[in-house]
Each structure stands twice: as structure tokens, then as C-alpha cells.
Protein chains: 4
Amino acid sequence: MLDFCLVGAGFIGPVHAANLAVHPGARLKWVIDLDRHAAEALAVKHGARDGSDLGEALADSALAAVIVCTPPRTHTPIIEAAARAGKAIFCEKPIDLDLARVEACAEVLAQTRVPFCVGFNRRFDPTHRALHDAIRSGEIGRPEMLILSSRDPEISPPDYVAAMPYGIFYDTMIHDFDMLRWLLQDEPVEIYARTACMLDAKENPHRDPDTAMVVLRMAKGALVHVNSSFRAVYGYDQRIEAFGEKGMLVSGNQMQTALERHDKDGVRRDPLLHFFIDRYAESYRRELDAFIQAIKTRTTPEIGLEDGRRALMIAEAGVRSAKSGTPVALQA
Amino acid sequence: MLDFCLVGAGFIGPVHAANLAVHPGARLKWVIDLDRHAAEALAVKHGARDGSDLGEALADSALAAVIVCTPPRTHTPIIEAAARAGKAIFCEKPIDLDLARVEACAEVLAQTRVPFCVGFNRRFDPTHRALHDAIRSGEIGRPEMLILSSRDPEISPPDYVAAMPYGIFYDTMIHDFDMLRWLLQDEPVEIYARTACMLDAKENPHRDPDTAMVVLRMAKGALVHVNSSFRAVYGYDQRIEAFGEKGMLVSGNQMQTALERHDKDGVRRDPLLHFFIDRYAESYRRELDAFIQAIKTRTTPEIGLEDGRRALMIAEAGVRSAKSGTPVALQA
Amino acid sequence: MLDFCLVGAGFIGPVHAANLAVHPGARLKWVIDLDRHAAEALAVKHGARDGSDLGEALADSALAAVIVCTPPRTHTPIIEAAARAGKAIFCEKPIDLDLARVEACAEVLAQTRVPFCVGFNRRFDPTHRALHDAIRSGEIGRPEMLILSSRDPEISPPDYVAAMPYGIFYDTMIHDFDMLRWLLQDEPVEIYARTACMLDAKENPHRDPDTAMVVLRMAKGALVHVNSSFRAVYGYDQRIEAFGEKGMLVSGNQMQTALERHDKDGVRRDPLLHFFIDRYAESYRRELDAFIQAIKTRTTPEIGLEDGRRALMIAEAGVRSAKSGTPVALQA
Amino acid sequence: MLDFCLVGAGFIGPVHAANLAVHPGARLKWVIDLDRHAAEALAVKHGARDGSDLGEALADSALAAVIVCTPPRTHTPIIEAAARAGKAIFCEKPIDLDLARVEACAEVLAQTRVPFCVGFNRRFDPTHRALHDAIRSGEIGRPEMLILSSRDPEISPPDYVAAMPYGIFYDTMIHDFDMLRWLLQDEPVEIYARTACMLDAKENPHRDPDTAMVVLRMAKGALVHVNSSFRAVYGYDQRIEAFGEKGMLVSGNQMQTALERHDKDGVRRDPLLHFFIDRYAESYRRELDAFIQAIKTRTTPEIGLEDGRRALMIAEAGVRSAKSGTPVALQA
């Protein structure tokens, strides 16, 4: 039984807590949050200890691992503290929005050599992963085009948007930038991006881009298109299409039910799953399980800090292209 | 170029005429109909001769074949006349509703040995045929269950219903009774049928069965279910499902378009094709082409009079079961 | 927090235990199993107490509810003991295979008036439930035909089959017999069943029926077809189709992934979910949640003992029809 | 009955001839081709006159209309001759590859005022048209993103490729450039294109681009992506996705059959239709019918020369962007 400490009881924290509760090889031992009540509520349900002082938990010599799901800008000090305490670390994405801080963090991890994993959960979605495996096994031969559609049902609240301008790159498409690297096992050499503000001033008061189209060229030659929107009123739209010399793979959407309603106006299906926590529920289970297996087998977790850094670098170049209106070169 | 005479210019006649017009190996030369105007209108469009006297056309020594698409009760005398004139014959289903007349007709055909084909058009639907071929090639191993759904969007007009009581067996499910023999290459040994009148007195004034469920046992052991209705408000619903030791084959429906509409209420597709002439447009083309090829290559057309007789026999037994409420045995 | 005792640590027990572990309003307190080791293993993971003596758990005055998931023939004494101890009871289906024992059990429940629920989990499948709700809300008007396909990927082991002859009725289609009552809010008045042994002697040494087709007539007039097999090699096939005067509802299957693979041979999807625990994972969560809510709100759980008795009665009549080859009347 | 002359008996010519043969309001009277044998063969089948001299046909005062389906570079002189003879003209796309020639042709048409239509057949595909109509009727509100996938199963023969470099823009995506104007009722103001040569030297000896990704910005703000390939081994892949403030519309592909094959490896569908003549068979019927209706009702055909000119202009700008690697501005 590996003992875990969860840092950050809000939002995605309870998801990880519930997954630990049913995992045969792990246990939630600590819940740390500046909001002591949030920590306590989650701890009580799972028979864990709660607190607001991370140091207390890190001093627990029985503690094996830490899950970091606080806001992005607090990630690197927590990672560094946990690394120095010798704990395995699972950190939500993005690691940070500042490349320099990510690189400083990389040094600490290099010194301490603790297991580290970034929570790019989409890699663990069973359908996306099956698509990945099919490419790897050569099913479509050389990949020639990759198309990622990555659309949220709504924009984040104004405060959140204000805190992270161009979040459509840094927060949303950063998943796609990770996916394209992972799926193609290749790095982009050029990115071109165009954005638009389609939401009205009430929904998007900061006029931050809420719609984007991106084209990338990869070092090995493949062309990639990513499109994103903060207004997919029909649900959380998450599709990947990989086209190659021997065929095409399509990772499709997931509906709320498998019901078909036929009447004289046609056939109706229920909407797509609306919220990412439902859509990626299985991914969250599997990414945590993979992290636990990596610790137990002393293997390197699949998604390292370098993956986090690369995705951030692509996002930054994309923002520069969107602002300048011209393609931006990237180092492979 | 094979010269054809079409007997019956109404309803399905123009479909066969148009298919002849674009067929590279055949030509419409005569259109015969008691309604001289109907014959003429169709003839003019296709540069054919029209008339109301079948004898005149049959006396044309260049005439190779006759397509019979008049009402069922007129079929057998036309078949017999055409057979005696040595013409190849394509006859719409059902051949007749009276088994004795069908058997008499069989004798004439046996004597004259002209090529003869019954228009069980569903056998030529590309999807149904692909299902058939997959069974034949052993894809699902031994067939164990077969399920046919055969639903019309509306009931026929009261006159038509009055002229053919239990038409849901004789006119609609007769297609399914042919299909199950063809798909399983086997004969039923027992049939059980239950019917209901679901339409109201205005739509179905004769209270003829408009809804039916049938279970058959085949000589080789497979179980078969057929269901039928005259009120599929969502379109012409035509599905076949074959289940066997190695898998399942499903021949699905055809929609009016391939458009998907996603909004907050879900995903909507356009309705099924509504009318059998649209749904089976390709089948009509292919059955005619197969008939022409059979004539040219002097091979026996695929669907003989015996097939028509067998399907009618099953329909009759089904009606007896529906009336008695008990299963009825059939000779394999 | 409601405290639960799980009776039966094998098979479906761990599923209920995991669902309790993440439920905000309940907790697993006891695990009872004659196999002390099985009880202990499950108890340790969830911080519960284990034992082999049900009496000890029932004596715990803080205990609110019991989940019974032992073999069917042991259900009624456990139910009766728990009822007399005043505990709420959730019991897996079938309650028992003997109608007389079920009726005796009903008396005890009537006296004690504890909340009681039978685990007909399919009612809680989100898609089946959406179909149910659509019928209830009048979407298809009067239901005219209902078709249930209920196919397992493989037959149970010979011992299991020997212990429950005609299990395809008592264990599998019993779900469908419950579903048709629930979906149509109606009772059958007649059942006709045909069965076959399609598996070979090695797979099905007892020659118990492994394939079945059933037709039922309902009191309000609808016709129902159920088909079942123990050899759906392509996965756990669970479909429902409801046809009515205004349209059709189809509850479709669930695939392992949403991946489509296009190559020159066509388009391939991954297989259906293979195992009922995966297919109905969400149903198990929801049925337990509904039971907990019923206890908390002091409302009657949705699926009572009478539902279990009715489904068993239909299964018995179906077996009689299969054996006799003629329809069997049922009292509505 | 409108009398038609077909100019060009090869390739697409027989498709138009067959559609005339079954059209109730039109008739094929002349077939003109430099290859006298090709003209004759087609004429005989349809009872038309054949010749190699267009002048002879144009001198026929009863002739109402001309269908031009010769190679692109011969279109403009034929159009001009037919226009001066006062005939209605239906011309296959592209009108020409040289903008100056198209503009000269426009002048002749402006003078003669004969009905003229360009054969952008995709506009008449029932699914694409339903998508168009849904946008027009406001179903998705303001369109925000449009994605067109336009992939051929194979590259044209080397001679054809040599005769039209960058044919992926001029011959294939020119359809998409027309569609995006028609669907959005808007003009592009900027185009960015990236191309690649993915086929090997044997298949693509001239190293002409066989793969392309394009992003366009429209005057009203929508973003558009087009991707294209000459190697969709899985069939003729033709999809359109329109995303707007109220939802998404998807025009999907068409399969060869509606058969599903379930076995232990999954579910298999037959491939997409492979050839554009099959895929767009209905479009060819409908575009001809629309042209005939326009002549009869003396209304302007839907797709004028200006549409042909605009699509060509976008293709040219796309080629310039692909060559320079930077976005190219377009006048709206």
C-alpha cells in the first residue's frame, strides 16, 4: 500500500482522492489545503489526515507520493519541496506558465531523481491511447496529417481568464501540443496560428482569444491542424484524426447515452458528455494507476517534466504567431 | 441490345423503364397497359411503342423479354401468354395469392422453359446481399438466429387492404419469408405468429392486422424472428440481423442524408428514407441487370417460381397460426 | 453516513464495496463471508470489519443496511434474518428460484416493513433508463412492439449450469422479463418460447438451452420479442428497441473505445464491452445510490420483492412453453 | 422537352447523358467529340446524333443547351461559341486555369446573356446542401469555424499531373474554395497553405504537392481549415464540419453498404465509396435538374462564372502561400 498526500482539495482533488480509495495498491493518507475546511471534508470521507502545512506531511517518512493539484503558479515550489523530501510527484498540467521556472524545477528533479509525472490525462483516455498504439504498431504507416479538435463547452470565468491571457493556448491546446508530440513521436519545426474573439463582451469581457486554428509542420514532415473553441454548446468536443499512408484513425466523441430516438423528424442522440471530469473519468483512473505502477516497479513515469516544458514552448510560439500573423519557427 | 416489353405502366413500371433506359444492354421497346394514356406517356419519354393489347407485343419476334408489373391477380395469365410466346419473363411479387394458380403457372413454365424471375428485389439490395454473401462464405459460422424487421411507414389505402386481407403476411412479410430462405439456405418447419390492430378505425377501417410478430424454426435448427408494422412514422425500416457461432451481421437502415446536427439538445440525423422506391432504388437496378445477364448468358435467373411459391406457402401458414393462436407445422 | 454490511465477498461483492467507498453518504462497515479470507481481504482495503457470522454484524445497532450477494439459494434466510434485525436490504437477483420461498419471504418483509430492493441493475443503466423515461413521457405514444436482445458472450461453467437448468430463462432473460414489465408498465398475458442447443457437447455438456426466442402478448396489447444466446462471441450484447405510434427508441450497445480505423478493407470499431461488470458499471453505482437515497428519504425502493416474484413467474411460464411447444397463458 | 448537346463523350460525359435519359424534361440530341467513335457509341445508346463538329450542333435551332465536359483548356472557346449561338451552357469545373481567359469569357457571357452554370457538383450533394440550408436558416447561429476534408483515393496519372502543377489546389481544393464561399456567404481575406509530397517517386514522379493544409480568414471573421490528400487509401473522403455559436453541423461520408460485421475482433463496416462518380451520383443528377429548371423558369442558374473565377483566384493565392511559406492577402 503506497501512502499518498493530496495537495489541493478543490476541483480535481476529489477525483484523485476517489481513485485512490478504490485502487488496490494505494491509500490517501494526507490532504493538505490552505483552506483547512476543504482539506478536512475530503480527509474525513477517506479516513485520511488533513492539514494546511505541507511540511508536516512531507515529514511523514511513510509517505510515498504527492499529488499536486493547486493552481499552476504554486506548482514549482511544491514540486521542489516534495522532491527534496524524496517523495514521488504527480503534478497537474501546466507545470507553470514561465519556462524559466520550469527549467529551474527541472534541475531540482534531476538532482533528487524522484519519480515525476505531469498529468496530461488525455494520453490515458482509452480511445486516444488505442489510436496512439495503432500508429505505433504501424497500422496507418507513416503519419501524414493529424487533426485535433479540442473544444470546451464554455469559457472560464473572467478572473481565471484575466489571470492567464491566451489561455486557449496555455490551458486548452497545451493538451493537444502534448498529444501531437506523443502521437507522432516527433517535434514541430513551425507553427502558424490564427485566433478570433467570437463570444460577446459579456461572456468574454477581456476579449481574450476564444477561437483558434493552428497549423504545424513536424520535423519528419507531417502536417498538423489543431482547432479550439470555448463555445461548443453541444458538449465537450474532443476528437483526433490521424491520416497516414495506409489509412486513417479517428478517436471520436463520447455521448451521454447510447439511446437513439427515431421519429418523423429524424434520429436523435443525447448530447456529448459536457464536462471534462465525466469525459476523462477513465483517464484520471488510468493515469493514477500508471503512476502507482511506475513507483512500484521503479520505472520512469511516462510523462516527464521535459514533456511539460516542450508543450509550454509550443504554446508560447503559437501565441507569438497569433500575435504577429506569421509562422514561427520552432527548434525540433 | 435486348428488347423489352413492360406490362403495367403504373406505380413500379416507370422505375423499370428508367433502369432499362440507362442499361447498356437493353432497350424498352413496348409499353402495354389497359390505360392507353399511361402506356403512351411512358412510351414517349423512352422512344418506345405503346398499346393496350399484349398480344401485339408478344407477336413481335424481336421482343426478348417481358416485365410484368400489373396487379397480382393478373400475373398468371400474362406469364402464361408470354411463356407460350417464348419470351423471358420478369414478374413482380407476389406471383399470385392462390397457391393452386401458382402451381398451374409452374407447369406452363416447365413446358416452355423460358427464363423466369420473381422480383424479390430485396435480394439485390447491396447491403442485404453483402450480408447474404458473408453468411455463405462462413463469416459467422453456423447461423443460429435471424431477426428481420420489416416496417412500412403507413398502411395501404382501404381498397387495397380490402382486396388482400392479411396483407401484412402476403404483401409485406412475404419478402422476409423469401429472405430467410435465401439467407439461411434452409426451409422453415414451424411458424408461430401473433398479430394486432394498433391503428385506429379511421386509418384501418377493415381492422386487418397492422402489426405482427413471428417466430419460425428452420429445418437445420436456426430460430427466426420477423416483426412488421404498417406504422413506422420514422420511415421505411428495413433491418436484418444474422447471429451465428462466430459473430453477427447487421444490415442497417439508410438515412436521407449523412448530416449530423449537434446542439445543446443532442445530435440529430435526418430521417430514414421514407419510401421503398427510394430505399430500394439500387435493388431495382441490380435485379434488372441480373435478369438481363441471365438471359444473355443463358443461365437460370436467381429467383424462380418455386421461390415465389415457397414464400406464399409460409405466408399462408403464418396466417393460419395468427388466426388459431398456435404454432403451425410446415414441410421443409 | 449510513453503515453497510456486505454479505458475500466474491464476484459482485467487490463492485458494491468500491461503490460504497466513493459514495458521499455511505460507508462499508462489515464484510461477511463463509470464506473468512475473502471477507478479510475486502475488509482491509476499505477499513471495514470482517467476519463469517452474519449474526454478529446484524447485532451492530449502528448498522443501517445489508447487501446480499451470496448464491441465490441462500438469499431468503439472509433476507429474513436481516429484516428481523430491522436492517434495510439490497438483494441481488434472482431472489430465489422457488416461488414458494419467495412468497414466504414476502410475508416476513411485509411484517417487518424494512426497505427492500432487488438488484435488477439494468433498470439503472443510463441508456435503458433514458429509454424508459422517453416512453413514460409519451415520446413514442402507445408502445406497440418491444424487442429485447440479451446475449452473453459465453455459457456459465457446467457446475453452474447443472445447478440451475433453463438458466437462460431464470438467470439471463429474467432481467428482460423485469425490463418489459417496467418499460411497458404492463403485465404479460401469454408467452411462447422456443429454445435450441447450439453450443457443442464440450461447451454445453448438460445440453441445457443456450439459445432462445420468446414472444409475449401484454395485457394492453403490445407484442414483445426477447432473444437470448450464451454465445455472443463479439461481446456482451444488450439492446432494447421500443416501437410505438409516434416513433422508435433504441438502446444500443457500448463499445470498448470510440476509435474508428479506416483502411482499404473498411472501417473497424473495437468490440463491445465483453463483461457485464464493465457494461453495467454505471448501473451498479446508480442502483446503490438510489437505494441509499431511498433509505435517507424514507421512500420505498424502486424494485420490490413483488417485482422479483413477477419476473420469476414469467420465467417459469416461459420454461413451460419451451418444453411443451405451445403458448402458455399468464395472469396479468 | 429541352434538347441538349453534350460536348465531350469521355469520362464524365456518359454520366450527364444517362441523367438526361431519365429526366422527364430533357433529351440528349447531340454528342460531339473529336473522337468520332466515342461520340457515336454514346449517341447510339441514347438515340442521339453524333459528330465531331460543334458548329453543326450549334446550328441546330431546336438545340436549347450545351454541356461542356472536355478538358479544362478547351472550355472557354466552346463556351464562347455556344454563347454566341444563344445556347444555355453548363460547364464542368474548372472553367479554365488562366484568370485572364476566364475574364474574357465573362465578357462574352455578359453580352450574350445566355444561362450559364459551372459544375461545382458538390453544392448539389443532398447532405452538403442540407448543411448549407441549416446554416442559412440560422441553426448554428453565426458560423465561427469551417473544416473541409477533401481527400482523393489516389493521385492522377503523371501526364495529368504534369499538365496541371499544383492540381491539389486547382483541381481538388477548388471545390472546397467554392464550398466555403457558398456555405459562409462570405469571401476570404487571407489564406495560408502548407503542402507536402508524401507519395513516393514512383507514384508522384513530378513531386507535385500531394498533401495540403490550408487556413483561411473570412471577411466576417470565421476561420476555415481545408485539408487534402491524394492518398486516402480507405476511399473518397469528403467531409464538412461547420461550427457556430449554437452548434455544429457535420456532413459525413458515405459507405458502400450499411452492413455491420461483429466478431471477436470488433465491428467492421464496408469501406467508403471509392470513386467520385459513385459518391456524387446524386449530385450530378440534381445539378442537371437544377440547370434544366433554371432554363425552363428563366431564372439565373445558381453557380455563375463569377463563382468559377473566385474559386480560381483563391486557388492561385493558396499556391502563392504554399510556395512562399507566408500568408497571402485576398480581396474580399
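The values are calculated or read from the model by the stated rules, or taken from the named source; none is laboratory data. Everything numeric here is computed off the predicted structure, so don't read it as measured data. Quick reminder, even Gly has a Cβ in these numbers, built from the backbone with ideal geometry, and neighbours come from all protein chains shown. In case anyone asks, the SASA skips ligands and DNA or RNA and just uses the protein heavy atoms, side chains included. Shrake-Rupley method; radii C 1.70, N 1.55, O 1.52, S 1.80 Å.
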Search result, residues across the stretch C:67-85 that are touching a helix residue (DSSP H, G or I) at 6+ places or on another chain (Cβ under 6 Å) and among the hydroxyl-bearing types (Ser, Thr, Tyr): C:THR76
The one condition in (1) open to solvent by less than 10 Å² (accessible area, probe 1.4 Å); (2) assigned to a helix (DSSP H, G or I); (3) within 14 Å of another protein chain (Cβ to nearest Cβ) that B:ILE277 fails to fulfil: (1)
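When you look at D:GLY167, is it touching a residue at least 40 places away in the same chain (Cβ under 8 Å) and within 14 Å of chain B (Cβ to nearest Cβ), yes or no?
Working: touching a residue at least 40 places away in the same chain (Cβ under 8 Å): yes; within 14 Å of chain B (Cβ to nearest Cβ): no.
Taking the combined requirement at face value, the residue does not satisfy it.
Taking the options B:VAL15, B:VAL31, name whichever one is touching a residue at least 24 places away in the same chain (Cβ under 8 Å), touching an Asp or Glu at 6+ places or on another chain (Cβ under 7 Å) and closer than 22 Å to D:ALA26 by Cβ.
On the way: B:VAL15 fails: touching an Asp or Glu at 6+ places or on another chain (Cβ under 7 Å).
Being touching a residue at least 24 places away in the same chain (Cβ under 8 Å), touching an Asp or Glu at 6+ places or on another chain (Cβ under 7 Å) and closer than 22 Å to D:ALA26 by Cβ holds for just one of B:VAL15, B:VAL31, which is B:VAL31.
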Residue list for the stretch A:30-55, filter: surrounded by fewer than 21 Cβ atoms within 10 Å (Cβ to Cβ), among the charged types (D, E, K, R) and within 23 Å of A:ASP96 (Cα to Cα): A:ASP35, A:ASP53
Every pair of residues 6+ apart whose Cβ atoms lie under 8 Å, when the first sits in the stretch D:122-139 and is more than 11 Å from chain B (Cβ to nearest Cβ) and within 13 Å of D:GLN238 (Cα to Cα) while the second is open to solvent by 10 Å² or more (accessible area, probe 1.4 Å) and in a helix (DSSP H, G or I): D:ARG122/D:HIS175; D:ARG123/D:ARG129; D:ARG123/D:HIS132; D:ARG123/D:TRP182
Residue among B:ASP159, B:ASP208 that alone is more than 8 Å from every other protein chain (Cβ to nearest Cβ) and either hydrophobic (A, V, I, L, M, F, W, C) or part of a loop (DSSP other than H, G, I, E, B) (or both): B:ASP208
Within the stretch A:186-201, tally of residues that are surrounded by fewer than 22 Cβ atoms within 10 Å (Cβ to Cβ) and in contact (Cβ under 8 Å) with a residue 12 or more places away in the chain: 7
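Just to be sure before I move on: is C:LYS296 more than 25 Å from C:ASP208 (Cβ to Cβ), of a type in the set (D, E, K, R) and either assigned to a helix (DSSP H, G or I) or within 14 Å of chain A (Cβ to nearest Cβ) (or both) in the structure I sent? Don't jump to the end; show me each part of the working.
Numbers: more than 25 Å from C:ASP208 (Cβ to Cβ): yes; of a type in the set (D, E, K, R): yes; either assigned to a helix (DSSP H, G or I) or within 14 Å of chain A (Cβ to nearest Cβ) (or both): yes.
Here the answer is yes, as C:LYS296 does meet what is asked.
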Residues (closer than 26 Å to C:GLY167 by Cβ, part of a loop (DSSP other than H, G, I, E, B) and not hydrophobic (A, V, I, L, M, F, W, C)) located in the stretch C:74-112: C:LYS93, C:PRO94, C:ASP96, C:ASP98
Flag if A:ALA201 is among the aliphatic types (A, V, I, L, M), at pLDDT below 95 and out of contact with any Gly (no Cβ under 9 Å at 6 or more places or on another chain): no
In the stretch B:179-205, the residues that are of a type in the set (D, E, K, R), within 11 Å of another protein chain (Cβ to nearest Cβ) and part of a loop (DSSP other than H, G, I, E, B): B:ASP200, B:GLU203
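Do you know which of the residues in the stretch B:56-73 that are open to solvent by 40 Å² or more (accessible area, probe 1.4 Å) and at pLDDT 95 or above is nearest to B:ALA163 (Cα to Cα)?
Kept after step one, since they are open to solvent by 40 Å² or more (accessible area, probe 1.4 Å), are these residues of the stretch B:56-73: B:56, B:59, B:61-62, B:71, B:73.
Checking the rest, the ones that are also at pLDDT 95 or above come to B:56, B:59, B:61-62.
Working: B:GLU56: 30, B:ALA59: 33, B:SER61: 36, B:ALA62: 37 Å.
The residue in question is B:GLU56.
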Top-ranked residue of the stretch D:110-155 - restricted to ones that are of a type in the set (Val, Ile, Thr) and more than 19 Å from the chain's Cα centre (by Cα), ranked as farthest from A:LEU146 (Cα to Cα): D:THR112
In the stretch C:111-132, residue most open to solvent (accessible area, probe 1.4 Å) [restricted to those that are basic (Lys, Arg) and out of contact with any Phe, Trp or Tyr (no Cβ under 9 Å at 6 or more places or on another chain)]: C:ARG113
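Listed here are the residues, each with its yes/no results for (1) within 14 Å of chain C (Cβ to nearest Cβ); (2) part of a strand (DSSP E or B); (3) of a type outside the set (S, T, N, Q).
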residue: A:LEU249; (1), (2), (3): yes, yes, yes
residue: A:THR257; (1), (2), (3): yes, no, no
residue: A:VAL267; (1), (2), (3): yes, yes, yes
residue: A:SER283; (1), (2), (3): yes, no, no
residue: A:LEU288; (1), (2), (3): yes, no, yes
residue: A:PRO301; (1), (2), (3): no, no, yes
residue: A:GLU306; (1), (2), (3): no, no, yes
residue: A:ARG309; (1), (2), (3): no, no, yes
residue: A:GLY318; (1), (2), (3): no, no, yes
Hits in the stretch B:81-133 - residues which are in contact with a strand residue (DSSP E or B) (Cβ under 6 Å, 6 or more places away or on another chain) and among the polar types (S, T, N, Q): B:THR127
Subset of the stretch B:31-68 (residues that are more than 19 Å from B:PRO115 (Cα to Cα), not β-branched (Val, Ile, Thr) and not in a helix (DSSP H, G or I)): B:ASP33, B:LEU34, B:ASP35, B:GLY47, B:ALA48, B:ARG49, B:ASP50, B:GLY51, B:SER52, B:ASP53
Some residue of the stretch C:228-240 being open to solvent by 10 Å² or more (accessible area, probe 1.4 Å), within 11 Å of chain A (Cβ to nearest Cβ), part of a loop (DSSP other than H, G, I, E, B) and over 27 Å from B:ALA212 (Cα atoms): no
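Filter the stretch A:211-227 down to the residues that are facing another protein chain (nearest Cβ under 7 Å) and among the aliphatic types (A, V, I, L, M), then identify the one that is farthest from A:GLY167 (Cα to Cα).
First, pick out the residues of the stretch A:211-227 that are facing another protein chain (nearest Cβ under 7 Å): A:211, A:213, A:215, A:217, A:221, A:223, A:225, A:227.
Filter once more, keeping what is among the aliphatic types (A, V, I, L, M): A:213, A:215, A:223.
Working: A:MET213: 14, A:VAL215: 18, A:LEU223: 24 Å.
So, considering only residues that are facing another protein chain (nearest Cβ under 7 Å) and among the aliphatic types (A, V, I, L, M), the one farthest from A:GLY167 (Cα to Cα) is A:LEU223.
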